[in-house]
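Colleague: Got a structure for you, written out below as structure tokens; questions coming shortly.
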């Protein structure tokens, strides 16, 4: 197994936890050349790449598209979307050679309302389209491509955005049960392993999001209209813009 991360200290901890069969490579997913070098290092070490998981993701504090700093928006796109593109491109030829599998870590945010967090939603919608394109384009080469759609995973990212930030809490409270149900990182990891082992085209966790995913075309038309007319949402938007 090879791990690629920008944080060398956390990478070393993960290596120690996973054992001697793990290669750790420090690289920034925003750097296409660094990821190509990482893939080359994996090939020198193991001689093949069977599975690629593109997992890097960040989100800025809640903000409207009107008020978000351009640098903050660009960082999300560079890491969440272009980082996935760089990861895939660096390894695609090797995965084709092994007739392997590519797993993209998407999000139910790809089809959820984006107010206050559009940068993240836009990036994940892009990851979804990346996965769908790759699934078709790589099928003639016997390579499978899967997308993992997650609701709220109880990580530092979610807690910082939805718990620690007062406006983020108000946005989170708009999610009805059971869509506000959280899973922990271990459950998310298990879902990814299951998706990869079965070469699933799509997997969703928690499963309560599946009906929304199936019916999103209808639900989103109605939901967007309701949220646009909701005085609580309007108050949150004004608070964000202050």
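Colleague: Please arrange 22, 92 by counting, for each residue, the other beta carbons lying within 10 Å of its beta carbon, fewest first. Could the numbers behind the result be given before it?
Modeller: Details: 22 14, 92 20.
So the residues, fewest neighbours to most, are 22, 92.
Colleague: What list do you get for 5, 154 if you sort them by fewest beta carbons within 10 Å? If you can, show how the numbers build up before the last one.
Modeller: Details: 5 19, 154 15.
If I rank by nearby Cβ atoms, fewest first, I get 154, 5.
Colleague: Evaluated at 37 °C with a viscosity of 0.692 mPa s, what Stokes-Einstein diffusion coefficient in µm²/s does segment 46-88 have when Rh comes from the Kirkwood expression over alpha-carbon pairs?
Modeller: 273
Colleague: What residue among 225, 198, 41 shows peak mean-square fluctuation when the chain is described by a Gaussian network model with Cα springs under 10 Å?
Modeller: Greatest mean-square fluctuation among the candidates belongs to 225.
Colleague: Hey, another quick one. I'm checking a number: the convex hull volume of the Cα atoms of segment 1-145, normalised per residue, in Å³. What is it? Numbers along the way, then the final one.
Modeller: Working: hull volume 16.0 nm³, N = 145.
Given the Cα convex hull of segment 1-145, per-residue volume reads 111 Å³.
Colleague: Based on the alpha-carbon gyration tensor of the chain, what equivalent-ellipsoid semi-axes (square roots of 5 times the eigenvalues) come out, in whole Å, largest first?
Modeller: Working: eigenvalues 214, 79, 55 Å².
Computed over the chain, the values are 33, 20, 17 Å.
Colleague: Looking only at 120, 212, 149, which one moves most when the chain is put into a Gaussian network model with springs between Cα atoms under 10 Å?
Modeller: Per the Cα network of the chain with a 10 Å cutoff, 212 tops the list.
Colleague: Which angle between 0 and 90 degrees, to the nearest 10, do you get for helix 8-18 versus the longest principal axis of the chain when only C-alpha atoms count?
Modeller: 70
Colleague: As a footprinting exposure proxy, order 141, 101, 86 by other Cβ within 10 Å, with the fewest listed first. Numbers along the way, then the final one.
Modeller: Working: 141 13, 101 21, 86 25.
In increasing order of surrounding Cβ atoms, one gets 141, 101, 86.
Colleague: Over all alpha-carbon pairs in segment 88-132, figure out the percentage whose distance exceeds 12 Å. Let's see the in-between values first.
Modeller: Details: 620 of 990 pairs.
Within segment 88-132, distances greater than 12 Å cover 63 percent of Cα pairs.
Colleague: Please report the base-10 log of the normalised intensity I(q)/I(0) for segment 167-218, using a Debye sum with one equal scatterer per alpha carbon and no solvent, at each q in 0.31 (1/Å).
Modeller: -1.14
Colleague: Mind checking the angle between helix 118-138 and the chain's longest principal axis? C-alpha axes, 0 to 90 degrees, to the nearest 10.
Modeller: 40
Colleague: Something else now. Sum -39500 (n - 2.57) across every DSSP H segment of at least 4 residues in the chain, then divide by the residue count to get the 222 nm mean residue ellipticity, nearest 500. If you can, show how the numbers build up before the last one.
Modeller: Values: 10 runs with 120 residues, N = 242.
Helices in the chain give a 222 nm mean residue ellipticity of -15500 deg cm²/dmol.
Colleague: Round to the nearest 10 and give me the degree value, 0 to 90, for the angle of helix 83-98's Cα axis relative to the longest principal axis of the chain.
Modeller: 40
Just so you know, all these numbers are worked out from the coordinates, no wet-lab data involved. Keep in mind it's a predicted model, so treat the numbers as computed, not measured. All Cβ positions, even for glycine, are placed from backbone atoms using ideal geometry, and neighbour counts span all protein chains on display.
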